[in-house]
There are 2 protein chains.
Amino acid sequence: MNANMLRSAVHVSAIFAFYLATMMLIPGLVDLYYDNEDWKVFASSAAMIGGIAALVAVATRSSPPVVSTRFTFLVVNLLWLTFSAAAAVPFMFATIDISIADAFFEAVSGATASGSTVLTGLDTMPPGILLWRSMLQWIGGLGVIVLGLFILPFLKIGGASFFKIESSDRYDRPFARFSTYAYSVVGIYAALTLLCASLYAWSGMSGFDAINHAMTTMASGGFSTHDRSFAFFTNPWTHWVAIVFMIIAALPFTALILLALRARFDAFRDNQVLVFLGYTLFLAILLSMQLDISDTIEFREGFTKAVFTVVSIVTTTGYAVDNYMEWNTFTVALILMATVLGGCAGSTTGGIKATRWIVLFGIIKRSLETFIYPHAIRTVRSGSVSIPDQTQYVTMMYFGTFFMLAGIGTVLVAMTGADLVTAFSGALTALSNVGPGLGDVIGPTGTFGPLEDSAKWILAFGMLLGRLELFTVLVLLSPAFWRD
Amino acid sequence: MNANMLRSAVHVSAIFAFYLATMMLIPGLVDLYYDNEDWKVFASSAAMIGGIAALVAVATRSSPPVVSTRFTFLVVNLLWLTFSAAAAVPFMFATIDISIADAFFEAVSGATASGSTVLTGLDTMPPGILLWRSMLQWIGGLGVIVLGLFILPFLKIGGASFFKIESSDRYDRPFARFSTYAYSVVGIYAALTLLCASLYAWSGMSGFDAINHAMTTMASGGFSTHDRSFAFFTNPWTHWVAIVFMIIAALPFTALILLALRARFDAFRDNQVLVFLGYTLFLAILLSMQLDISDTIEFREGFTKAVFTVVSIVTTTGYAVDNYMEWNTFTVALILMATVLGGCAGSTTGGIKATRWIVLFGIIKRSLETFIYPHAIRTVRSGSVSIPDQTQYVTMMYFGTFFMLAGIGTVLVAMTGADLVTAFSGALTALSNVGPGLGDVIGPTGTFGPLEDSAKWILAFGMLLGRLELFTVLVLLSPAFWRD
Ligand SMILES: [K+]
Ligand SMILES: [K+]
């Protein structure tokens with residue numbers, strides 16, 4: 001790590017912060033339009049962050065460094081940290097009047113598209129602050145796609161890199177030039193958001209609600225403009241639009257581009273998509289049957305609620321359509337376990353993701369055979385492609401690290417006085433970027449507001465860890481990273 | 001899998017069942033001595049099991065098969081299943097009058113040295129049945145040592161095989177002949193049990209209590225002769241004797257042999273021993289400080305209770321010295337996480353074990369460096385020895401499988417109507433063979449009795465899975481295992 005590398009990373013982050021500051025003008029204008037005092041908060045935040053960012057950007061100008069692995073790790077960490085810190089400023093000074101810990105928690109939850117919130121009274125909150133929350137998730141979601149498609153494969157982290165290799169021949173390198181590819185990612189993401197918003201509006205949402213929820217749906221984010229989340233909307237069509245777009249947002253983005261631009265259905269020949277749809281469907285059917293058999297909810301109503309809840313949790317979106325804490329013990333345990341599943345690599349979802357489950361099951365299946373025939377050659381396959389040793393290794397390590405961090409997180413949050421269900425489900429939901437936890441405090445009807453500030457810092461760090469796929473953050477702990 | 005292999009495995013299990021039947025005469029004689037009607041139950045159980053076992057053994061006599069990996073897997077599974085089923089018979093017919101699910105659960109908990117119990121009123125229970133429970137754990141514990149030292153390394157399962165390799169040059173192959181080695185294992189195990197019993201008696205336990213608790217201490221079993229477990233004994237010396245012998249029982253047995261027979265302290269140059277003692281000491285200090293700072297228990301009393309509780313959980317013994325559910329949320333979360341730690345490979349402890357934690361941390365440390373320097377050569381070391389790829393691979397897989405099974409177990413137990421804390425801590429305590437769970441039902445002051453029968457079958461299977469280090473059982477699910 002040399003000074004030039006650090007300076008360049010700060011430079012990149014400052015430029016990003018400058019753009020983010022200009023975007024604060026949008027909720028500012030909305031508040032001005034609705035005649036809300038908060039427009040001053042957004043204007044002054046924009047001026048302050050924009051000014052500091054410009055100064056820092058100029059001060060750190062230098063010849064660009066070689067884009068090494070280390071530089072990329074540094075930039076990614078610094079970008080999300082800057083994003084969260086800058087995004088917290090309007091929360092801190094707005095009329096909602098919350099603590100620094102609350103503001104930072106809410107900003108991290110936005111920037112990482114997690115959707116855990118410390119705020120209540122959303123229904124009567126100024127529109128600017130609500131829009132700002134949704135925008136954070138939308139920008140964060142876009143960042144996650146870029147991270148998954150372009151950066152993590154380069155860093156050789158996670159199952160994504162393997163499926164990138166697998167897909168490279170199948171998707172025929174859809175775009176010859178990187179910039180065309182990058183622009184189409186942004187374009188399709190925006191177009192899908194508009195389509196989702198139109199359908200929400202068609203199903204009866206107000207224009208403002210439709211735009212906000214479309215942004216947080218496509219980001220697998222889960223922030224709502226109502227305390228009751230999707231339980232506020234009574235039209236089943238609204239719920240089914242959400243279900244469809246939560247699933248779309250959980251598919252690999254490259255596949256969405258091919259589908260949208262070339263009407264090619266390659267996604268459905270992708271193993272990870274089939275596995276993701278498979279476990280989502282299985283859990284949805286299981287849950288709706290259980291709700292019916294146990295006489296918890298009548299089947300017609302229960303079916304929509306069960307599918308919505310499973311899709312919302314598995315895709316790590318985190319919208320609530322009902323207080324599932326009151327269903328029964330089985331459904332609560334099922335939802336807890338669904339929290340770690342996740343969608344596809346290269347999507348906006350968090351969690352462990354279908355790719356890693358495929359690798360885990362492949363390894364277990366193959367290894368059981370190896371125990372029986374010790375001299376058999378160990379090849380783990382997904383479809384027709386054999387999974388490289390490095391990918392198997394990193395994937396296995398991910399499981400060990402994920403659950404170890406969940407354990408440490410649980411102990412740390414419990415240390416602040418939270419009960420065991422809050423601490424454990426809080427740690428899991430943070431690492432998976434789902435949003436709500438379980439129990440009375442952070443469950444579907446609660447918020448993270450009542451937690452101690454210390455718990456909020458711990459969980460905010462957990463959300464960043466989870467969003468950057470653990471190792472992107474953990475490498476910073478390695479002395480080798482800082483060596484010259 | 002051919003018929004001869006299956007027949008031979010049944011033959012071995014029948015011979016074991018015959019020996020177990022003769023051992024039923026011991027609690028029978030004790031009941032006869034104390035003039036308790038249960039002696040008839042033990043006598044008739046012994047006759048029945050012994051008779052059936054002898055018949056089956058004769059019927060399955062054949063030329064011994066080649067000792068293949070597959071045959072070994074089959075025998076190990078069948079042995080523990082036979083052990084549990086035969087051991088359940090006296091429970092079923094004794095005056096305590098419990099269901100088949102209860103009897104099988106209690107027997108599995110004995111045979112796997114887990115220590116979860118469905119029984120209350122231990123203090124006034126006939127001595128025969130109490131002794132039978134302790135004997136099951138003692139025999140089970142011996143089985144676990146034999147499994148860990150001689151069988152799992154051959155099957156290449158778990159971190160143990162690596163540490164076996166590591167230790168082979170350091171311990172200088174202590175015994176030239178296998179049978180000498182095997183006899184000294186039994187001898188030292190019995191001698192340590194007698195020493196432990198003497199010290200318990202010296203500290204004020206009755207002779208009967210001392211013998212029972214010494215057997216379940218050395219087995220890391222945790223069955224007690226009192227509902228209140230070690231909270232029944234008020235002399236701190238009793239608690240410290242337990243602490244010392246729980247730690248001894250968690251050390252690699254080869255090291256104990258060298259210590260006992262040759263006064264060699266090689267164990268303390270073994271990485272896994274240092275790591276095990278390290279995290280035990282760390283958690284004990286952390287817990288006792290927290291109990292003091294939070295004004296939960298006064299320091300002198302709290303120190304003994306904290307050390308006892310940490311040692312009891314980490315070594316997967318499971319004795320309770322206090323109702324730690326009433327301490328505070330941090331201590332409860334800490335105990336939950338300590339549940340999966342475990343002792344050393346080649347000991348009677350369950351859980352994930354120090355060896356696997358060493359491998360996990362080594363892999364994470366090395367991989368973080370590999371992310372930064374992609375072309376560096378990846379060697380994971382423990383001390384001066386590099387850990388073979390195969391061991392790294394199997395260890396990583398163990399973590400993924402362990403937590404996946406814990407998740408599935410939680411959902412299944414919750415499905416029977418148990419609350420989330422009971423379901424999750426129940427699944428973890430079963431897979432780790434610790435014994436007690438958390439909460440009001442299965443916590444330190446409760447029993448597994450109030451659970452549904454279905455939950456008892458699930459958790460009994462979990463105890464067997466955990467005790468046989470998961471893969472020994474899971475290989476049976478592989479079609480390759482049953483192929484001809
Ligand atoms: K989310
Ligand atoms: K135990």
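Quick notes on this structure:
- Test: residue in segment A:139-151 that is within 16 Å of ligand 1 (Cβ to nearest atom) and more than 30 Å from residue A:387 (Cβ to Cβ): yes
- Of all residues in segment B:62-85 being of a type outside the set (S, T, N, Q) and loosely packed, with under 12 Cβ neighbours inside 10 Å, the one that is nearest to residue B:110 (Cα to Cα): B:67
- Qualifying residue in segment B:69-83 (condition: touching a helix residue (DSSP H, G or I) at 6+ places or on another chain (Cβ under 8 Å) and either within 16 Å of ligand 2 (Cβ to nearest atom) or under 30 Å from residue B:230 (Cβ atoms) (or both)): yes
- Sole residue being touching a residue at least 24 places away in the same chain (Cβ under 8 Å), at the interface with chain A (Cβ under 9 Å from one of its Cβ atoms) and either within 24 Å of residue B:80 (Cα to Cα) or of a type in the set (A, V, I, L, M) (or both), chosen from B:416, B:395: B:395
- Among residues of segment B:211-228 that are more than 17 Å from residue B:252 (Cα to Cα), those with a Cβ under 7 angstrom from a residue that is near ligand 2 (Cβ under 10 Å from one of its atoms) and hydrophobic (A, V, I, L, M, F, W, C), sequence gap 6+ or separate chain, pair up as B:216/B:223.
- When restricted to residues that are acidic (Asp, Glu) and buried (at least 24 other Cβ atoms within 10 Å of the Cβ), segment A:317-345 contains 0.
- Evaluation of residue B:470 against (1) facing chain A (nearest Cβ under 7 Å); (2) surrounded by 19 or more Cβ atoms within 10 Å (Cβ to Cβ) (one fails), failing number: (1)
- Hits in segment B:370-420 - residues which are of a type in the set (Asp, Glu) and modelled with pLDDT of 80 or more: B:419
- Flag if residue B:363 is among the hydrophobic types (A, V, I, L, M, F, W, C) and assigned to a helix (DSSP H, G or I): yes
- Close contacts from segment A:420-444, counting a first residue that is without any contact (Cβ under 8 Å) to a residue 40 or more places away in the chain and a second that is charged (D, E, K, R), with Cβ to Cβ under 8 Å and a gap of 6+ residues or different chains, come to A:441/A:419.
- Selection of segment A:398-413 for residues being more than 25 Å from residue B:392 (Cα to Cα) and facing chain B (nearest Cβ under 7 Å) yields A:410, A:411.
- Yes/no for residue B:333 being over 19 Å from residue B:252 (Cα atoms) and within 14 Å of chain A (Cβ to nearest Cβ): yes
- Of all residues in segment B:109-132, those satisfying the criterion of being of a type outside the set (Gly, Ala, Ser) and within 12 Å of ligand 2 (Cβ to nearest atom) are B:112, B:117.
- Residue within segment A:440-462 that is more than 8 Å from chain B (Cβ to nearest Cβ) and closer than 26 Å to residue A:358 by Cα present: yes
- When restricted to residues that are among the small types (Gly, Ala, Ser), modelled with pLDDT under 85 and either in a helix (DSSP H, G or I) or under 18 Å from residue B:109 (Cβ atoms) (or both), segment B:464-484 contains 1.
- Lone unmet requirement of (1) away from chain B (no Cβ under 14 Å); (2) more than 15 Å from ligand 1 (Cβ to nearest atom); (3) hydrophobic (A, V, I, L, M, F, W, C); (4) within 19 Å of the chain's Cα centre (by Cα) for residue A:73: (1)
- Residue check for residue B:188: more than 26 Å from residue B:34 (Cα to Cα), out of contact with any strand residue (DSSP E or B) (no Cβ under 6 Å at 6 or more places or on another chain), aliphatic (A, V, I, L, M) and away from ligand 2 (no atom under 16 Å from the Cβ): yes
- Selection count where residues are more than 14 Å from ligand 1 (Cβ to nearest atom) and surrounded by 24 or more Cβ atoms within 10 Å (Cβ to Cβ), scope segment A:208-231: 2
- Of all residues assigned to segment B:22-37, at least one qualifies as being outside any helix (DSSP H, G or I), of a type in the set (A, V, I, L, M, F, W, C) and touching a residue at least 60 places away in the same chain (Cβ under 8 Å).
Yes/no per residue for (1) farther than 26 Å from residue B:445 by Cβ; (2) surrounded by fewer than 24 Cβ atoms within 10 Å (Cβ to Cβ); (3) away from chain A (no Cβ under 14 Å); (4) away from ligand 2 (no atom under 14 Å from the Cβ):
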{"residue": "B:233", "(1), (2), (3), (4)": "no, yes, yes, yes"}
{"residue": "B:239", "(1), (2), (3), (4)": "no, yes, yes, yes"}
{"residue": "B:264", "(1), (2), (3), (4)": "yes, yes, yes, yes"}
{"residue": "B:268", "(1), (2), (3), (4)": "yes, yes, yes, yes"}
{"residue": "B:283", "(1), (2), (3), (4)": "no, yes, no, yes"}
{"residue": "B:290", "(1), (2), (3), (4)": "no, yes, no, yes"}
{"residue": "B:298", "(1), (2), (3), (4)": "no, yes, yes, yes"}
{"residue": "B:303", "(1), (2), (3), (4)": "no, yes, yes, yes"}
{"residue": "B:315", "(1), (2), (3), (4)": "no, no, yes, no"}
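- Residue check, residue A:363 aliphatic (A, V, I, L, M), away from ligand 2 (no atom under 16 Å from the Cβ) and either closer than 20 Å to residue B:411 by Cα or within 10 Å of chain B (Cβ to nearest Cβ) (or both): yes
- For segment B:105-138, a residue qualifies if it is surrounded by fewer than 22 Cβ atoms within 10 Å (Cβ to Cβ) and not in a loop (DSSP other than H, G, I, E, B), and the qualifying residues are B:122, B:123, B:124, B:127.
The values are calculated or read from the model by the stated rules, or taken from the named source; none is laboratory data. Computed from a predicted structure; not experimentally measured. Reconstructed Cβ throughout: ideal geometry from the backbone, glycine too, with neighbour counts over all protein chains shown.
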